[in-house]
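In what follows, a structure is listed as structure tokens, so that the remarks can point back to it.
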Amino acid sequence: MLRRQADGHDPGHSLKLVLRSSGDLRRCVLLTAILFACMKTASAQEELEQEREAEWKNGIPPQSIATSLPNNGDPGGVRKWLSERGLTYSFVLTSESLGNVAGGLRRGAVFQGRLETIVRADLEKMAGLHGLSFFANAFEIHNSGGVRRDLTGSFTTVSSIEALATLRLSELWLEKKLLNDTFSIRFGQLIADSDFFVSDTSTFFMNSGWPSILALNLPNDGPSYPFATPGVRVRYEPNKQIVLLAGLYNGDPAGPGPEEEEIKNRYGVNFRVQDPPLLMGEAQYKYNQKKSDTGLAGILRVGFWHHFGGFDSQRFDNARLSLANPLSNGIPAQLRGNGGVYGVIDQQIYRPAGGGPDSGVSIFSRVSASPPDRNRAQFYLDGGIVFNGMLPGRPDDRFGATFIYTQMSRDLAALDRDTVFFTGMSRPIRDYEATLALAYQAQLVSGWSVQAEFQYIVHPGGHIPDPTSAIPGAAIKDAAVFALRSVITY
């Protein structure tokens, strides 16, 4: 039996669970149940590993256009020969056209593309190094401009591949698996947005990516596309349902200076290691993730981040005067450390007979909060729904809708009001940016999909003055973007 106690000294009224003594038998039963829940199920783990191996048959990634080519796109058998010896590779070409048809900074269109090269090496197969693997990927990015930077003026992701044109190294790491593959440690040049604060369902949308609350609040966007940074990540998976993650990264992927961050670290080879670190942690609970499962699949994630550096006050100088006050020295007060918490849910709500965990109908949501005194954004919420394989005769097509909402810091809003008070000039008061999106993806052949998407962006930039407007103090108008994306995986 459980008793709930309230600690009078805890303002959050935390609960302390106390197990009443009710005999040795009851305690033994409870202990056995806990141990059983946390115990690794070897047969289930082996089944999952076999599924992963089957996905990369003959060195070909799942959903590859190679399967539609003569001889699986490997006429000499080199790819198969390399995979049998532990080396696999793949290429992903993403091409997009995006047009802003209303509002934003200006109307116009951009074309952009990214060719990603991925190399994986199983060093156990190649050199007998048990549990050791290698990974590297690089991007060739080409475009005629940036839709956010040049057209909409928004900070929320419009396209997940948008970046300055360059040839860029991304990740470069080694990973060691231990304890019968339940524990792994990864070290090298890493990104955090592939491990933390991820919604698997949301990645369908072109505007999915590193949440804007982190991009706005961390130095130079943090360790997310297009940046990787030196770090270490550990993962513990005691059973098929529970995953624990922790990552420690260099806290600034580009470094100080007035230049744009992608120029400061244009090729991804800065390898900075002396900046204050960023710590991230996450716990995951998964259920019904195997294709053979019949229940509704889902993943729950809760996590946190903490940066150990110094951060500028969003409103006050170091004499506690408003930065808008004419008497201010203009030097923001320094606040030590920064952080936030977040939660993610991916939940299947309809699973067709024989369907996998991503089939049918799924919903998702991500939520996060950070302190308003040292951050540009204080609250974030997104969500959406995706329909996969629901159209007769089109089993691989998907469509869905999503929204993204980012609330600006109350201290930023207060600074805007201070500016109006001290200058007597009207200007927008920063409040939020929101995006609504609709998308449809058609698979032409295995490994080649085409996706159409419409996005409507409310208050681009969080409701800020339009630098292109002839009207003083006029805010950037809401933007409407049409986009078409092609993705080919080989």
Rel. contact order, % - alpha carbon contacts under 8 angstrom, at least six apart, the chain: 13
For region 311-376, the fraction of alpha-carbon pairs in successive 10 Å shells from zero, as %: 19, 25, 16, 14, 13, 10, 3
Solvent exposure ordering (accessible area, 1.4 Å, most first) of LYS57, LYS125, LYS290, LYS177: LYS57, LYS125, LYS177, LYS290
Rg(Cα) / (2.2 N^0.38 Å) computed for the chain, rounded to two decimals: 1.07
The chain - accessible surface per residue (Å², probe 1.4 Å): 49
Size of charge dipole - the chain - debye, nearest 20, with Cβ of Lys, Arg +1 and Asp, Glu -1, no other charges: 800
Solvent-accessible surface ranking, highest first, for ILE476, ILE331 at 1.4 angstrom: ILE331, ILE476
Span-rule helices in the chain, defined as complete DSSP H runs reaching 15 Å or more along the axis (Cα) with Kyte mean at least -1.0: 24-38, 410-423
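Order the following by accessible area, largest value first: GLU237, GLU84. Probe radius 1.4 Å; ligands, DNA and RNA are ignored.
From most accessible down to least: GLU84, GLU237.
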Around LEU129: net Lys/Arg minus Asp/Glu count, Cβ-Cβ under 10 Å: 0
Prolate/oblate/rounded label for region 224-283 (Cα gyration tensor, a/c 1.5): prolate
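Just in region 266-296: which chymotrypsin sites (Phe, Trp or Tyr not before Pro) are loop by DSSP and have at most 12 other Cβ atoms within 10 Å?
TYR267
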Set of lysines with alpha-carbon distance to LYS176 below 28 Å, sequence-local pairs under 8 removed: LYS40, LYS57, LYS80, LYS125, LYS240, LYS286, LYS290, LYS291
Sum of -39500 (n - 2.57) over DSSP H runs of 4+, divided by residues of the chain (222 nm, nearest 500): -4000 deg cm²/dmol
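The values are calculated or read from the model by the stated rules, or taken from the named source; none is laboratory data. Since we're looking at a predicted model, the values are computed, not measured. Using ideal geometry, Cβ is built from the backbone for each residue, glycine included, and neighbour counts are taken over all protein chains shown. The accessibility values were calculated without ligands, DNA or RNA, using every heavy atom of the protein model including side chains. Shrake-Rupley method; radii C 1.70, N 1.55, O 1.52, S 1.80 Å.
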